[in-house]
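The values are calculated or read from the model by the stated rules, or taken from the named source; none is laboratory data. Predicted, not measured: the structure shown is a model, and the values here were computed from it. Methodologically, a virtual Cβ is constructed for each residue, glycine included, from the backbone with ideal geometry; neighbour enumeration extends over all protein chains shown. Only protein heavy atoms, including side chains, enter the accessible area calculation; ligands, DNA and RNA are left aside. Shrake-Rupley method; radii C 1.70, N 1.55, O 1.52, S 1.80 Å.
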Amino acid sequence: PLLVSAGADRALHVLEPRASLRPLFSFDEHRDFIYSLHTRGAYAFSGGGDGLLICHALDTGKACYGLGANRAAVRCIHATADKLIAAGDDGGVLVYDYGGDAGAGSA
């Protein structure tokens, strides 16, 4: 297991708790504060104040893709085996269907 942290510094940090919280990766793709964070398997999903939702690969330290999920802050993220759901301050809920059972990174 890894520790994933995000916040007002606009960065997502992946830490190794079994090695004194040694930093493994940092992601700096967000242009606004990170308001939401969800992990599923080897992926972390972060939502920013500008409506951007980004999928990060925790095993490689690479950003997989970014989505314009909302017109305002993304406040809620959830991923299932075949769907990514995001909701935010604009009152909208978006459901992305990436199909199959390959996991969150198969979009």
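The table that follows gives values for the structure above.
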{"read-out": "The chain - percent relative contact order, Cα under 8 Å, separation 6 or more", "value": "17 percent"}
{"read-out": "Accessible surface of segment 41-84 [probe 1.4 Å, protein heavy atoms]: carbon and sulfur percent", "value": "53 percent"}
{"read-out": "Per-q log10 I(q)/I(0), segment 40-91, q = 0.15, 0.22 Å⁻¹ (Debye; single scatterer per alpha-carbon; no solvent)", "value": "-0.37, -0.75"}
{"read-out": "Accessible solvent surface per residue of the chain, calculated while the other protein chains remain in place, 1.4 angstrom probe, Å²", "value": "52 Å²"}
{"read-out": "Dipole-positive endmost among Ala86, Leu37, Pro23 within the chain (Cβ charges, Cα centre)", "value": "Pro23"}
{"read-out": "Equivalent ellipsoid semi-axes - Cα gyration tensor, the chain, angstrom", "value": "22, 17, 10"}
